[in-house]
Every structure is written in structure tokens, then in C-alpha cells.
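What follows is a single structure, written as C-alpha cells, with notes after it.
No lab work stands behind these numbers, since they all come straight from the coordinates. A quick note: this is a predicted structure, and the numbers were derived from the prediction, not measured. Cβ sites come from the backbone with ideal geometry, for glycine too, and all protein chains shown count toward neighbours.
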Amino acid sequence: MRSKKHEVINRPKKFSSIDQIAEETGLAWRTIKKRLKAAGMLPLRGQKRADILDAIKPPAGDKDGDSIKEKKTFEEWRKLKLANDENEALLIPRAAVAETIFKMGPRIAGVLEARLVNQYPTETPGLDVIGMREYGRKLAAQILTEFQSFADLWPAPPTR
């Protein structure tokens, strides 16, 4: 079994040349060079893949005068950007979010049931307003702790 130090992560390599960008995106190298130059990203040295893709992003194609080609190019770029963001763990699939929320529901419900229904009536009779507020603060802290444990259910992002 490999340790985490030697774990292989399937992340796309950084772009090293305009030709590589052109090959992966399907855009002409002249177009890429023009857009990178306008963004001040030439020469390519250590820029993040996502930043390069943002710089070469085609026009949105959502204006009245835009051609079908511009709209198609933009949609292709958008799909490439989404795939790249998912590979770099910048996006989380909707199903994963729903599953995590589903797991958290019973935990939060358990805290609320135990504290509000079972403990609150027995611990607050005879307390003054300040005592009730203090009990409420403790309850709020416990609920917030449960919400913060929400992060433990998400996979850690890959190290860079």
C-alpha cells in the first residue's frame, strides 16, 4: 500500500506551450497567443491551468449579433473549463452535496431533540433570564460544532 506522500493524483499537467494549449482546446494557436498576450500571460511560466483557460476564454456569444460559431465556441470552452475545475477538485458533484446533507440531518436532529425536547424543560425551570440565555448559548455552541463537523464528511482537496 502506498503512503499519501507517494499517492498518484490524476491532475492535468500545466500548460507548457501555446501548441499544447491549442491541441487540448481546439483553438488556433494564433487566437490563443493573441488572447494570452492581451491578458499579459506571455511567456507561459508557471501560470495555473485555470488562469490560462480563463485568459483564452472566447467571447460569450450571448449578444444579439453573435454568430452560431461564437456561441458554439463558447459552449465548448465552458465544458472544458467545467471538466478542468472538476479535475482540480474545485467543483463538487451535486449528488455528493445531497448525500452529505442527508448524512448531517440525523446528527443535527439528534442534538436538537436531546437538548430542546429532553433537557431544556428539566434544566431551565426556576432559572432567571440570564441562566436561560447561558443555556441557549451552550446549545447554540453544540449545534454549531455539529455543523462544523460537516467539513469532515467532505474529501480533502488535493495538495498542490
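Once you list every other residue whose beta carbon is under 12 Å from the beta carbon of residue 19, what net charge do they have if Lys and Arg are +1 and Asp and Glu are -1? For residues surrounding residue 19, the net value is 0. Protection proxy ranking of 21-27, 88-94, by the mean of other Cβ atoms within 10 Å over each peptide's residues and highest first, is 21-27, 88-94. With each pseudo-label sitting 7 Å past Cα toward Cβ, what's the residue 102-residue 45 distance in nm, one decimal? Between residue 102 and residue 45, the simple spin-label model gives 5.1 nm. With q set to 0.12, 0.13, 0.17, 0.22 Å⁻¹, the log10 of I(q)/I(0) for segment 24-152, from the Debye formula over equal scatterers at the Cα positions, is -0.68, -0.72, -0.95, -1.24.
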